[in-house]
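To keep things clear, I will list the structure first and then write my remarks on it.
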Amino acid sequence: MTSPPDPNEFAVYYAHVRNDVTIAYIREGIGGTPLLLLHG
């Protein structure tokens, strides 16, 4: 059984959407189907 990836090894990017709203995201992998998760 393999262990889960260490979350500290991913580069985190930030996008300033508008006043006082910043979104953090991670880009990983090449190709494939994009996955978008939204918290609401």
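Looking at the stretch 16-32, which of its residues are of a type in the set (A, V, I, L, M), over 11 Å from the mean Cα position of the chain (by Cα) and in a strand (DSSP E or B)? Even if it seems obvious, please write down each step before you answer.
Step one: of the stretch 16-32, the residues of a type in the set (A, V, I, L, M) are 17, 21, 23-24, 26, 30.
Cutting the leftovers down to over 11 Å from the mean Cα position of the chain (by Cα) gives us 17, 21, 30.
Passing the criteria: V17, V21.
Working only within the stretch 1-15, note down all residues that are part of a strand (DSSP E or B) and either surrounded by 10 or more Cβ atoms within 10 Å (Cβ to Cβ) or β-branched (V, I, T) (or both). If you could, list the steps in order and put the result at the bottom.
The initial filter retains those residues of the stretch 1-15 that are part of a strand (DSSP E or B), namely 13-15.
Residue satisfying the conditions is Y13 alone.
Can you tell me how many residues in the stretch 1-23 are within 19 Å of L38 (Cβ to Cβ) and among the acidic types (D, E)?
The qualifying residues number 1.
Any residue in the stretch 25-40 that's without any contact (Cβ under 8 Å) to a residue 40 or more places away in the chain and among the acidic types (D, E): show its pairings with residues that are surrounded by 10 or more Cβ atoms within 10 Å (Cβ to Cβ) and part of a loop (DSSP other than H, G, I, E, B) at Cβ separation under 8 Å, as long as the two are six or more apart or on different chains.
If the second residue must be surrounded by 10 or more Cβ atoms within 10 Å (Cβ to Cβ) and part of a loop (DSSP other than H, G, I, E, B), the pairs left are E28/F10.
Any read-out appearing in this document is the output of simple, stated calculations on the displayed coordinates, not a laboratory observation. Fair warning: this is a prediction, and the values are worked out from it, not measured in the lab. Don't worry about glycine lacking a Cβ; one is built from the backbone with ideal geometry, like all the others, and counts go over all protein chains shown.
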